[in-house]
Structures are given as C-alpha cells and as structure tokens.
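What follows draws every value from the coordinates through simple rules; no lab data is involved. Treat the numbers as computed from the prediction; the structure is a model and nothing was measured. A quick note on method: Cβ atoms are made from the backbone with ideal geometry, for glycine too, and the neighbour counts reach across all protein chains shown.
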C-alpha cells in the first residue's frame, strides 16, 4: 500500500484541547454574566426570603 491509501489510526487518543481550569473559569464567567443565571439566583434568593416564613398570629385582646 502507498502512504496515500493508508487510513489514519483514529483510535489513538489526541491531546486535550482545553484545561479543566480554563473551562471552569469560562463557566463561572458565563454564570455571572448570563441573564438566565442571574434570574435563577434571584429566584432562589426570593424563595429563601419568602418560602418558609411562619406567620405570627396576632393575639386577640
């Protein structure tokens, strides 16, 4: 066989394109800058403030 007809070995692993640290930094930036991310955080905070409040009953005099 000539070199042109040989198929490349696709089972050989290639190098990693991105480091985990870079990916996690991008995720943190996306979460911070994303409107949806802010809405989810805001919804969580609102639920914390109003979700489990126990109403105090007024004592009748």
**Study point:** Residues residue 11 and residue 42, FRET efficiency given R0 of 35 Å [Cβ-Cβ distance, rounded to 0.05]
**Key:** 0.15
Review point. Using 7 Å Cα-to-Cβ label points, what is the residue 21/residue 35 separation (nm, one decimal)?
Key: 3.4 nm
